[in-house]
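The values are calculated or read from the model by the stated rules, or taken from the named source; none is laboratory data. The shown structure was predicted, so the numbers you read here are calculated from the model rather than taken from an experiment. Every residue, glycine among them, receives a Cβ derived from its backbone with ideal geometry; neighbour counts consider all protein chains shown.
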Amino acid sequence: MEYHLIKNAKIVNRGQIIEGDILVKGDRIEKVAPSISHPEAEITNVRGNFVIPGIIDDQVHFREPGLTHKANIATESRAAAAGGVTSFMEMPNTKPSCLNQELLQAKYDRASETAMVNYSFFMGASNDNIEEVLKTDRKTVCGVKVFMGSSTGNMLVDDRQTLDQLFSKVDMLIATHCEDEQTVRNNVAKAKELNQNSAIYHPIIRDVEACYKSSSMAIELAKKHGTRLHILHISTAKELELFRNDIPMKDKRITSEVCVHHLFFDDAYYHALGNKVKCNPAIKSASDREALIAALKDGRLDVIATDHAPHTVEEKAKPYFDAPSGLPLVQHSLTLILDYYHKGTFSLEFIIDKMCHKVADMFDIADRGYIDEGKKADLVIVDANKSWTITKDNVYYKCGWSPIEGFDMKGKVISTMCNGQWVYKDEQYTNVLAGQRLQFAR
C-alpha cells in the first residue's frame, strides 16, 4: 500500500485553518495531526502553503461524445486538475444528447478510460423520455438535468405536463437551467428588427425577466411536488428573493448555484470581450453581480461552480447571433474566486465551504469534500500569494483560449492529488489517470 505524507501544511477544513500534516494511505486520508512521521511515506513538504479539499464542480460541459473538436473528457479533466478540481459533474447536452441509459453508461465507460479526476454525469430530460429518466440510479448518478430554456438542441423541456410528471415522479435531485424560452425568442426578434447584432445586447436579449419567470416556475413546481430542486447559474438580483437562508443547507429542498463568471464579470466586459463572454444565462449588470456576492455570503446562494462550456476560437469569432454561448473556466475557478479572498470579501474557509464542503453535502457525495480521516484523498496544494499571468501557454483547455487571457492573478494551484495519487505535481502533469466514479449516499 502506497503512503504519502504532506508536511507543514495550512489545512483548510470545516471552517478553520490548522497547521499540520496529512498522511495518505492508498486512496484515503489515514491521519491528520500536528506532526506525523512514517518510514515508508513519500514526503511532500508544502512549506506553509495551504492544503484544501479537492474542488467539486457540479456543472461542466466536456463535449464528449459528438462535439470533441471543442473538448473531451481527457483534455478537460486534465485542465480541471491544474485548477484544483478533483471531481466534476457533466451535463447531458452532448451529441447525441444523453437521453437514455445506454448513452449515459457510455459516458461512464469513456470516463473510466480517460478521466484524470473523479466524474459523474447527469441524465438528461426531454419532452418524451420520462421512462428512461425514471430508470436512473440515484446512488451512482448525480442527478437529472432539465433545460427550461433555449440553446440546448433537442433537450428543451417546455411542456407543462411533462414538467409536472418529472417534478412529481423523479426521486433524486433535479438540476435546472432556467430561462423562459418565449421571453428570449421575443427579445431575439426585437433585436434582429433593430439590427442589434452584437454581444453587448446579450443581457438585454436574455434578460432578467426570462430568468425570473423560469426560476419561479421551477420553484412553484418543486413546492407543489416536494421535489429536490437545484437551480443552476443564478445571474440576477431579482431571482434571489426566491431563495432562503433561514435554515441550514442540509434541510433545504430547493438550493441554488452561482458561477464564477457571474461573480467576476459584469456587462461592461461585453464591450472588450464580445462573444468571448457570451454565455447563457447572460452576465448581467454590476449591481446584479454585487447582489450575487451578498447572497452567496448570506447563504441564499449555496455553492459555486463554473458551467465550463468550451467552444473553438473560430466558433466564437462568428457574428453574435451565430456564435455559441459558453466559456471555458474549469481550470481557473479557484484563481478567480481567490481574487475576492485578496480583496477581503471572502475568507479562504468560506471559499472552501462553497466550492468543496457544500457541494459534497448538497449531492450527498460519499467520502469526499473534506480533509477528514477516512475520506478519499482528494487534496490540493495552493500558493495563495503566487502572482502569475494567464496566457495561451498556460491554458490547458482543448479549445486553447480563455476569456481571462492577459489577466494578472494572485493565487495558484501548485499540486493536485486525486484518490491518493498526484495527477498534477509542482505545476507539472504526472499523466496519471486517477479518476473514480462518484458515489452518492442517498
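Brief remarks follow.
- Any hit, region 154-165, residues being at positive phi and surrounded by fewer than 18 Cβ atoms within 10 Å (Cβ to Cβ): no
- The residue that is surrounded by the fewest Cβ atoms within 10 Å (Cβ to Cβ), among those in region 43-53 that are closer than 13 Å to MET417 by Cα and not hydrophobic (A, V, I, L, M, F, W, C), is THR44.
- Top-ranked residue in region 187-225 [being within 14 Å of ALA282 (Cβ to Cβ) and among the β-branched types (Val, Ile, Thr); ranked as nearest to the chain's Cα centre (by Cα)]: VAL208
- Tallying residues that are of a type in the set (Phe, Trp, Tyr) and within 20 Å of the chain's Cα centre (by Cα) within region 248-288 yields 2.
- Among all residues of region 367-382, there is none that is touching a helix residue (DSSP H, G or I) at 6+ places or on another chain (Cβ under 9 Å), over 23 Å from LYS25 (Cβ atoms) and not β-branched (Val, Ile, Thr).
- Qualifying residues in region 262-320 (those that are over 30 Å from ASN245 (Cα atoms) and touching a Cys at 6+ places or on another chain (Cβ under 8 Å)) - the one surrounded by the most Cβ atoms within 10 Å (Cβ to Cβ): PRO310
- Qualifying residue in region 156-165 (condition: touching a residue at least 40 places away in the same chain (Cβ under 8 Å) and either under 27 Å from ALA317 (Cα atoms) or touching a Ser or Thr at 6+ places or on another chain (Cβ under 9 Å) (or both)): no
- In region 379-423, the residues that are aromatic (Phe, Trp, Tyr) and assigned to a strand (DSSP E or B): TRP388, TRP422
- Selected residue (only one of GLY435, GLY369 is more than 19 Å from SER112 (Cβ to Cβ) and under 21 Å from the mean Cα position of the chain (by Cα)): GLY369
- Enumeration of residues in region 226-247 that are under 19 Å from the mean Cα position of the chain (by Cα) and either on the phi < 0 side of the Ramachandran plot or surrounded by fewer than 19 Cβ atoms within 10 Å (Cβ to Cβ) (or both): ARG228, LEU229, HIS230, ILE231, LEU232, ILE234, SER235, THR236
- Listing of helices (runs of 4 or more DSSP H) fully contained in region 82-201 that carry 2 or more residues being of a type in the set (Lys, Arg) and under 29 Å from LEU273 (Cα atoms): 181-193
- Residue satisfying all of: in region 174-213; of a type in the set (A, V, I, L, M, F, W, C) and surrounded by fewer than 19 Cβ atoms within 10 Å (Cβ to Cβ); nearest to ASP267 (Cα to Cα) among these: ILE200
- Which numbered condition ASP378 misses (of (1) crowded, with 23+ Cβ neighbours inside 10 Å; (2) farther than 23 Å from ILE17 by Cβ): (2)
- Criterion: surrounded by fewer than 19 Cβ atoms within 10 Å (Cβ to Cβ) and farther than 17 Å from ILE11 by Cβ - qualifying residue of TRP422, TRP388: TRP388
- In region 24-36 there is at least one residue matching the filter, namely being in a strand (DSSP E or B), modelled with pLDDT of 95 or more, within 23 Å of LEU379 (Cβ to Cβ) and touching a His at 6+ places or on another chain (Cβ under 7 Å).
- Checking each residue in region 243-262 for being in contact with a Lys or Arg (Cβ under 9 Å, 6 or more places away or on another chain) and either of a type in the set (S, T, N, Q) or assigned to a helix (DSSP H, G or I) (or both) picks out ASN245, MET249, THR255, SER256, HIS262.
- If you check ALA360, ALA317, ALA377 for being over 25 Å from ARG437 (Cα atoms) and of a type in the set (Gly, Ala, Ser), only one passes: ALA317.
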